[in-house]
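Single-structure report; data block below.
The values are calculated or read from the model by the stated rules, or taken from the named source; none is laboratory data. None of the values given here were measured: they were computed from a predicted structure. As a convention, Cβ positions derive from the backbone with ideal geometry for all residues, glycine included, and neighbour counts pool all protein chains shown. For accessibility, only protein heavy atoms count, side chains too; no ligands or nucleic acids. Shrake-Rupley method; radii C 1.70, N 1.55, O 1.52, S 1.80 Å.
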Amino acid sequence: MLTVQGGDPTITFEWKVTYGTISPLGVPVKGILINGQFPGPNINSTTNNNVIVNVFNNLDEPFLLTWSGVQHRKNPWQDGVLGTNCPIPPGKNYTYKFQVKDQIGSYMYYPVTAMHKAAGGFGGLRINSRLLIPVPYADPADDYTLIAGDFFNKGYTSLKKVLLSGRNLGRCDGVHINGKVAKGDGNDEPLFTMEAGKTYKYRICNAGIKTSLNVRFQGHTMKLVEMEGSHTVQNDYESLDVHVGQCFSVLVTANQEPKDYFVVASTRFTKREVIATGVIRYNNGKGAPSPKLPPPPVSWAWSLNQFRTFRWNLTASAARPNPQGSYKYGSINITRTIKLANTAHKVDGKLRYALNGVSYVEPTTPLKLAEYYNVADKVFKYDNIPDDPPAEITKVTMEPIVLNMTHRNFIEIIFENRETAIQSYHLDGYSFFAVAIETGKWSPEKRKNYNLLDAVSRHTIQVFPKSWAAILLTFDNCGMWNIRSEVWDRHYLGQQLYASVVSPNKSLKDEYNMPDGALVCGVVESMPRPPPPYT
């Protein structure tokens with residue numbers, strides 16, 4: 001439904017979140033549906049649209065959605081994570097209102113409560129470029145969303161019990177593409193159709209829980225054109241590694257013999273490769289897809305080398321990062337370096353994941369509410385992890401982690417992976433420059449290897465085993481923003497933190513006040529609402 005007001009257009013959705021039976025791997029399990037759909041409906045928006053989503057929680061437990069990659073400029077109240085928002089109680093509704101300001105690209109939404117993401121509740125969110133702003137490729141014949149992910153047939157409540165008992169989740173049971181797996185018996189309905197000679201856009205996202213995927217199109221190459229909100233240099237790829245939480249846009253030209261072909265998503269860095277296929281059908285084509293699937297890449301060195309081929313398209317006109325001009329990021333002085341080292345530990349005999357020796361615990365009061373009501377000291381402490389972790393982390397404490405960021409400071413964050421499992425990190429409210437991923441340990445002289453010219457501006461980055469990744473960004477978006485592991489068992493067991501960015505001027509130019517309809521919970525529930533601090 002589209003309603004046009006003075007100013008930017010508004011698009012409105014009403015979503016009913018319910019339980020339902022899903023069987024992405026052929027085994028019926030209890031899933032989470034949005035308006036009866038798994039995956040959930042696509043949000044199709046355009047730069048600067050106002051988006052209103054009224055979410056009715058018909059589950060028997062609290063529920064909350066986040067819009068991964070949407071920056072919510074000056075408006076952390078709509079981010080939909082437990083550090084900013086109270087979850088929607090069972091039987092209640094909450095209306096998200098946000099603007100997709102100065103952004104383009106392929107994103108997704110998903111639940112952040114419990115282990116709900118393992119059961120569904122996720123879907124694609126696209127932000128199209130405005131007609132006034134040309135994109136650096138011809139309009140495709142159609143625009144498809146391909147959401148792939150690992151899946152566990154145990155069901156999300158069993159997965160939660162496994163984690164709470166102190167064990168890890170183990171291997172996934174399989175992989176799905178858009179909630180399905182082709183049987184390959186000639187009776188599969190096509191996921192997508194193409195007409196010979198035409199070019200199509202595929203938005204590929206990994207909405208899984210913990211497994212990196214490789215995606216490839218049988219008999220076709222992919223031209224990478226966009227990644228997490230940035231136009232890229234348009235290289236051709238036989239296959240792409242898409243790590244958990246990441247989204248890519250590719251162009252695929254239907255230039256083969258008209259028949260059926262498979263699109264393949266297979267697990268990476270797992271002892272046993274698990275494969276899902278979906279059928280792509282040429283209109284008026286004859287013949288089933290060949291059973292011979294394109295081979296997967298091997299080793300994570302291949303994946304690291306692929307990362308190094310990703311470059312930002314500096315000549316494309318499109319939404320640029322704020323503040324304008326920050327794409328000359330290579331000449332800005334770094335004011336603070338924060339190194340985040342992930343480790344796994346037993347605390348009281350149970351598995352916990354930590355950053356710099358602290359494992360994040362979700363307080364009952366959202367951090368942003370505590371800050372707004374001036375009761376932060378009752379809920380959390382600021383800067384309770386060091387910027388530079390010790391070489392050996394032997395002891396882990398459990399508490400909320402909040403880092404105080406100075407507004408508009410240019411920061412370097414190093415993700416240091418001390419483990420043998422691949423990591424994937426995401427930052428809400430921002431895009432950052434992914435300037436380097438390298439093996440071994442980071443040291444200041446490694447900065448000479450950074451890409452300071454055309455690193456892609458994005459919001460999720462993988463870190464390979466016993467390796468590090470460096471990102472640069474300006475903390476110019478006021479609010480309380482989640483830095484989290486996208487590997488969901490790690491996220492659930494403590495591998496996340498928040499960055500607090502406060503406006504020194506108490507100005508509405510920097511941040512909006514708490515909206516009227518915001519849910520309150522925890523220690524602030526019965527407190528009188530403070531007068532709006534920002535004017």
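A few points about this structure:
- Dipole size of the chain about its Cα centre, with +1 on Lys/Arg Cβ and -1 on Asp/Glu Cβ: approximately 600 debye, rounded to the nearest 20.
- In plain terms, the chain from residue 375 to residue 419 could stretch by 12.2 nm, reckoned as 0.36 nm per residue minus the Cα-Cα distance.
- Over the chain: helical MRE at 222 nm, DSSP H runs n ≥ 4 each giving -39500 (n - 2.57), nearest 500: -1500 deg cm²/dmol
- Whether region 426-474 is rounded, prolate or oblate, judged on the alpha carbon gyration tensor where a/c under 1.5 counts as rounded: oblate
- Whole-percent carbon and sulfur share, accessible surface of region 10-128, 1.4 Å: 48 percent
- Taking the chain and dividing mean pair separation by its residue count, relative contact order in percent (alpha carbons under 8 Å, at least six apart): 14 percent
- Here is the result for region 1-102: no chymotrypsin sites (Phe, Trp or Tyr not before Pro) lie in DSSP coil with at most 14 other C-beta atoms within 10 angstrom of their C-beta.
- Region 329-501, accessible area per residue, ligands and nucleic acids excluded (1.4 Å, Å²): 33 Å²
- Contour minus Cα-Cα distance for residue 198 and residue 256 (0.36 nm per residue): 19.8 nm
- Region 192-345: C-alpha gyration tensor shape, a/c 1.5 cut-off, then a/b vs b/c: oblate
- Ordering of 470-483, 78-91 by burial proxy (mean other Cβ atoms within 10 Å per residue, highest first): 470-483, 78-91
- When only Cα pairs below 8 angstrom with a gap of at least 6 residues are kept, region 10-128 shows a relative contact order of 32 percent.
- Dimensionless Rg ratio for the chain, taking C-alpha atoms and the 2.2 N^0.38 Å reference: 0.93
- Residues in region 142-307 average 39 Å² of solvent-accessible surface per residue, probe 1.4 Å, ligands and nucleic acids excluded.
- With only Cα atoms counted, region 10-128 has Rg and Dmax values of 13.9, 44 Å.
- Computed as a quarter of the hull surface, the mean projected area of the alpha carbon convex hull for region 169-227 stands at 5.8 nm².
- Dimensionless Rg over Rh [region 368-493; C-alpha; Kirkwood]: 0.96
- Across region 399-535, the mean sequence separation of Cα contacts (distance under 8 Å, 6 or more residues apart), normalised by length, yields a relative contact order of 32 percent.
- Nonlocal Lys pairs with alpha-carbon distance under 18 Å, region 314-423 (8 or more apart, or different chains): 5
- Residues of the chain were split at every exposed loop site, defined as GluC sites (Glu not before Pro) in a DSSP loop with at most 13 other C-beta atoms within 10 angstrom, and the longest piece left, sites excluded, is 1-237.
- Share of carbon and sulfur in the accessible heavy-atom surface of region 329-501 [1.4 Å probe, %]: 49 percent
- Net charge dipole size for region 329-501 [Lys, Arg +1 and Asp, Glu -1 on Cβ; Debye, nearest 20]: 220 debye
- Excluding same-chain neighbours fewer than eight residues apart, the aspartates and glutamates reachable from residue 509 by a Cα-Cα span under 14 Å are 476.
- Beta bridges per DSSP, both residues in the chain: antiparallel share near 75 percent.
- Length gained when the stretch residue 346-residue 44 is fully extended (0.36 nm per residue, less Cα-Cα span): 104.4 nm
- In terms of its alpha-carbon gyration tensor, region 342-395 comes out oblate; a/c meets the 1.5 threshold, while b/c is at least as large as a/b.
- Dipole-positive endmost among 391, 309, 483 within the chain (Cβ charges, Cα centre): 391
- Taking label positions 7 Å along the Cα-Cβ direction at both residue 8 and residue 525, the computed distance is 3.5 nm, reported to one decimal.
- Only the Cβ atoms of Lys and Arg (+1) and of Asp and Glu (-1) were treated as charged; on that basis the dipole of region 142-307 about its Cα centre amounts to roughly 720 debye.
- The share of accessible area on region 142-307 that comes from carbon and sulfur is 50 percent, using a 1.4 angstrom probe.
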